[in-house]
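I have placed the structure first, in the form of structure tokens, so that the comments after it can refer back to it.
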Amino acid sequence: MTNNPSQPITKPLSGRVLKYHSNLFTVEVQGSGRHIKPPTHYQCTLKGLLKKQETSVITGDYVLLDNLDPINRTARIIDVKPRQNQLPRPKIANVDQVIIVHPFREPNFDYEQLNRFLTHAALAEVNTMICMSKSDLGDETDPEGIRQEKQAIIALYETGLQIPVIFTSIHDATSLMALKEKIKGKISVLAGLSGAGKSSLLNRLNPDLKIKVQDVSEKIGRGTHTTRHVELIPLAGNILIADTPGFSNLKFDNTLPQDIEAAFPEFALYRSQCAFSNCLHLDETDCGVLKAITIDPASIHPLRYTSYQAIMAEALQYKAEHQSSSQKNEYGQKTLHAKGKETKQITRLKSKAREGSRRTLKQDLDAWVDEEDMNAKEDLDT
Ligand SMILES: Nc1nc2c(ncn2[C@@H]2O[C@H](COP(=O)(O)OP(=O)(O)OP(=O)(O)O)[C@@H](O)[C@H]2O)c(=O)[nH]1
Ligand SMILES: [Mg+2]
Ligand SMILES: [Zn+2]
């Protein structure tokens, strides 16, 4: 960086997008030089060519900047680096983990909603943990019942599915310390229902943030969104964590059935015993999953399977409406089968990269057959 802060910086610099709001990207550029300087935030526009190419730039993206004006703190984004991962909702890239903030109470604990969020994160292939918020709330007349309910949640998700669970309350400093331990040195994104308490948690981790939270007097209702933007917030302890607008609901009407099936890790033990390699474990004959449920109801938790059925119904509806199952879904994946091969996920390429590799992708697609054409495993084996 130049020594004279009034001089424009001519050399392109790289940075990370923290926020997109009102057509401007807030980009954090790390300080450099012999004496470590604090990071600088630049308000950036997008280079015309990137707009023309419809290159998407989202929070968490690593970008290259030119035209840096150190006085007005403005710059221009001229390139975007390939993403390690991305979530379609909340829209964010390059995170180490998604923390699903799910209320234990207010509203009452809802297994299906939580299962929907877990499926959503599994589809994006991002590390996931569960933060059961508002765990101070509950029926004080039945503390033993509350204790058992919390244990059942841990048994199902942490012990059963290896998804870490922590219980937090904004009124319990110890629980907030536990959360802090989980986010130290990482880039995390908070995701969950509106009113789950995402912004409240961040305000407790750093009271200087003063993020607007839902008024306690407001009735928690689906559709009340207090946070409006996805924003990565730096916290002490080498923490970067994104506050995001909550969901009012989470539907899977843009996802393929086979992708939903693959997002349920508990089927892993049994799916190889299904007669059909594209079995969805609904009512098929010789289904390893259905057999397991009949023989040992504890093999797959009934609440997970019920959620699976509900989510699958939405995905099947989507498939019926878009008969070609090789269409891209919002997770940027295509589910295709090759004869005798495993399911293949083709991750969506950025528009720029896609341009250069259209031929390869086309060849790739030609080599694979649509799952619609899939026959029973016996056919593939011959
Ligand atoms: N009792 C209790 N109330 C909480 C807790 N965490 C959040 N709340 C309350 O829940 C309400 C919603 O909190 P917010 O932080 O605005 O929720 P949010 O998830 O950020 O909501 P959106 O921005 O709409 O997505 C607020 O009135 C908080 O005071 C908690 O641990 N215990
Ligand atoms: Mg919020
Ligand atoms: Zn099956």
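In the structure shown, do any of K184/K319; K186/K212; K52/K184 have a Cα-Cα gap over 29 Å, and if so which? Among K184/K319; K186/K212; K52/K184, the Cα-Cα distance tops 29 Å for K184/K319; K52/K184. Amide H to amide H, with H built 1.01 Å from N, N94 comes under 5 Å of Q84, N85, Q86, counting only residues 5 or more places away or on other chains. Between the C-alpha center of segment 251-307 and that of segment 127-169 there is a gap of 25 Å. In order along segment 167-176, the Karplus-derived 3J(HN,Hα) couplings, from 6.51 cos²θ - 1.76 cosθ + 1.60 at θ = phi - 60°, round to 9, 10, 9, 5, 9, 10, 4, 4, 5, 6 Hz, and Gly and Pro are given as x.
Highest mean packing comes first when the peptides 189-198, 310-319 are listed by Cβ atoms within 10 Å, giving 189-198, 310-319. The simple Förster model, with R0 at 51 Å and r as the Cβ-Cβ distance, assigns T141 and R89 a FRET efficiency of 0.85. Model label points for H229 and I295, set 7 angstrom from Cα along the Cα-to-Cβ axis, are 5.6 nm apart. Residues whose amide H comes within less than 5 Å of that of T74, counting only those at least five positions distant or on another chain, are Q43, D69 (H built at 1.01 Å from N in the peptide plane).
Here, each number is a calculation from the coordinates, and none is a lab measurement. Since the model is a prediction, treat every value here as computed from it, not as a measurement. Virtual Cβ from ideal backbone geometry, glycine too; neighbours counted across all protein chains shown.
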